[in-house]
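Here is the structure we will look at, set down as structure tokens.
Derivation of every value follows stated rules applied to the coordinates shown; laboratory data play no part. Just so it is clear, the structure is predicted and the values come from calculations on it, not from any experiment. Methodologically, a virtual Cβ is constructed for each residue, glycine included, from the backbone with ideal geometry; neighbour enumeration extends over all protein chains shown.
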Amino acid sequence: MSMKNSIPVKELLMQVSKPIFAIQNKEGLNFITRDNDYFINALHEDAMHSVKAFVPAIKPENLGDKNFKKRHSLKYPYIAGAMANGITSAEMVTTMAENGMLGFLGAGGLSLKKIEENIIKLKNTLQDKPFGFNLIHSPGDPAHEMATVDLYLKYNIKLISAAAFMRMTPALVFYRIKGIYKNNQGEIVTPHHIIAKVSRIEIARQFFSPPPEKLVNILLEKGLVSNQEAELSQHIPMAQDLTAEADSGGHTDNRPALALLPTMMALKNEFIKKYNYKEPLCVGLAGGIATPQSAAAAFSMGAAYILTGSINQSCIEAEICEDVKKMLCLAEQADVAMAPAADMFEIGAKVQVLKRGTMFPVRAEKLYKFYKSYNSFDEIDEKSKQEIQEKFLQTSFEDAWKSTKDFFQKNGNIKEIQRAQDDPKTKMALVFRSYLGLSSKWAIQGIPQRKMDYQIWCGPAIGAFNQWVKGSFLETHENRKTDEIALNLLLGACICIRVSILKNQGVEIEDADLFKPMSKKEIFTFL
Ligand SMILES: Cc1cc2nc3c(=O)[nH]c(=O)nc-3n(C[C@H](O)[C@H](O)[C@H](O)COP(=O)(O)O)c2cc1C
């Protein structure tokens, strides 16, 4: 009998809520879904038919870890990661929340006043919808870290993403344990959640452990937490959710995702056993996720959720100038480089940035080499000093120091000024750091005469994304919307997983152009 209800397999693979059966008969292989009357008649009539392969329905809302989605009231396991200086804007966070996903406002580098304004705005707009704020470790300014936490607690921000931590700090522990209590059923309730972003195993261990007793005792002595909060804190992990961050834009250890995720997942299982926590731990993946295939790979490896950064910076909701978005749309995978970081300049920390169309990575590297080789700016040879002052700083070193000093004074960071006045090498570091910090601001504001100094954090993901969307409506930044891109990656991941299930059962299919970027409206016709 002929398979009159057989449908082209590509079309079926897109309909992710329907299972697919690959039926072998004497005429060949045919693909059908449960909807076809084949199941009522043909299978019984013709013993020559056999089910050669089966593909289950896989919907975007079924991807990832159920516990993670439930914990944060999400429909989809997708996070738009924090991008400093408010690049992940209130608008981006809002669009994610309104579409069943999560966004973290990029609070790093923003003043307390700006953070507070954003908190008020988001609380008013989103009310109980899920959203969060970033807390970036400030080793040089613990007071700012604590003041940021005070704000989050004051406004009852229930979720933060903790990044760049090298160890647990009093501010982070304070956020996590303030307000915990036991309910009538004897269960520990934690009002404040941390999603940790980590690329190192030793830091992940600290996040999956209870808060260090030593820090809890400091908070107790200061009267910041109660005896009950301190006691209960020893039964909960610092973070229940941890994003394993592979090679990414911004701060990165350039770890490969394929190696990092399994290790972090093994660690999660080790800590579940060790502490017997009542609530499950989850591990998500970030770094390099930009296409349906990479999203599919993450979920196939067991990621509880995925988190993106670089690709969102080219979207309309990103708070960065249009010129930078255009530059990002042209980037290919190799158009990124590691450059010295402004915040941890002296210890040689690096960030991944765009190199196409800007001289920033080369200039920043030069400054770092001078800093390492000389004990003061005066020791540098005349020609290089001239280049730094004329091209990079565009003012004299002493004038640049005056502005740097003003900046630190304004932020109440007198200790740093003192340090620099006592030591010319530190003074040089602060002036160079100030150039590095300003170069991010110039890129955000779009100062054309500073285009060659634009510091644009970004990883190879942007190149992979640009290649995937080439020729589609998503090629230009004007059409890039964070939520639409996220839905494309999620639906695309479902299709890719279905394709590989089929292939792994020995069915050959042509996978070129299987999933092209679609509008949100079109996407919903498949869900
Ligand atoms: C422009 C930019 C700024 C970023 N700033 C921060 C930040 O302030 N805090 C943070 O936790 N992560 C920051 N990140 C990292 C992202 O949140 C995310 O983890 C990362 O970009 C994911 O990797 P991908 O770039 O390959 O998508 C930044 C990334 C970019 C591209």
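Taken over the Cα atoms of segment 325-453, the convex hull encloses 108 Å³ per residue. Largest first and in whole Å, the equivalent-ellipsoid semi-axes of segment 413-484 read 39, 12, 11, each the square root of five times a Cα gyration tensor eigenvalue.
With angles folded into 0 to 90 degrees, how steeply does helix 397-410 sit against the dominant principal axis of the chain? Use alpha carbons for both and round to 10. Between helix and principal axis, roughly 70 degrees. Within a straight-line Cα-Cα reach of under 13 Å, residue 355 can be paired with the following aspartates and glutamates, leaving aside sequence neighbours fewer than 8 residues apart in one chain: 332, 335, 365, 453. Couplings 3J(HN,Hα) for segment 213-223, derived from phi with the Karplus relation 6.51 cos²θ - 1.76 cosθ + 1.60 (θ = phi - 60°), are 4, 4, 6, 4, 5, 4, 5, 5, 4, 7, x Hz, where x marks Gly and Pro. If R0 is 30 Å, the Cβ-Cβ spacing of residue 359 and residue 526 corresponds to a FRET efficiency of close to 0.10. The alpha-carbon of residue 325 sits under 12 angstrom from the alpha-carbons of these aspartates and glutamates, leaving out residues fewer than 8 places away in its chain: 317, 475, 478. Available extension along the chain between residue 384 and residue 396 is 3.0 nm, counting 0.36 nm per residue and deducting the alpha carbon span.
Counting only alpha carbon atoms, the long axis of helix 482-503 and the longest principal axis of the chain meet at about 50°. Restricting the trypsin sites (Lys or Arg not before Pro) of segment 241-296 to loop positions (DSSP other than H, G, I, E, B) with no more than 12 neighbouring Cβ atoms within 10 Å leaves 278. Around the amide H of residue 284, modelled in the peptide plane, lie the amide H atoms of 242, 243, 244, 304, 305, all under 5 Å away and 5 or more residues distant in sequence or on another chain. Two decimals, Cα atoms only, Kirkwood Rh: what is Rg/Rh over the chain? Ratio of gyration radius to Kirkwood radius for the chain: 1.03. In plain terms, the chain from residue 113 to residue 326 could stretch by 73.7 nm, reckoned as 0.36 nm per residue minus the Cα-Cα distance.
On a full-extension model of 0.36 nm per residue, what is the gain between residue 209 and residue 273, subtracting their alpha-carbon distance, rounded to one decimal in nm?
21.9 nm
Please turn the phi angles of segment 159-166 into ³J(HN,Hα) values with the Karplus equation 6.51 cos²θ - 1.76 cosθ + 1.60 (θ = phi - 60°), one per residue in order, whole Hz, x for glycine and proline. The phi angles translate into 9, 10, 9, 9, 9, 6, 6, 9 Hz. Once the Cβ-Cβ distance of residue 67 and residue 479 is raised to the sixth power relative to R0 = 25 Å, the FRET efficiency obtained is 0.10.
Placing pseudo-labels 7 Å out from each Cα toward the beta carbon at residue 503 and residue 226 gives an inter-label distance of 5.7 nm.
Helix-only arithmetic for the chain: the sum of -39500 (n - 2.57) across DSSP H runs with n ≥ 4, divided by the residue total, places the mean residue ellipticity at 222 nm at -12500 deg cm²/dmol.
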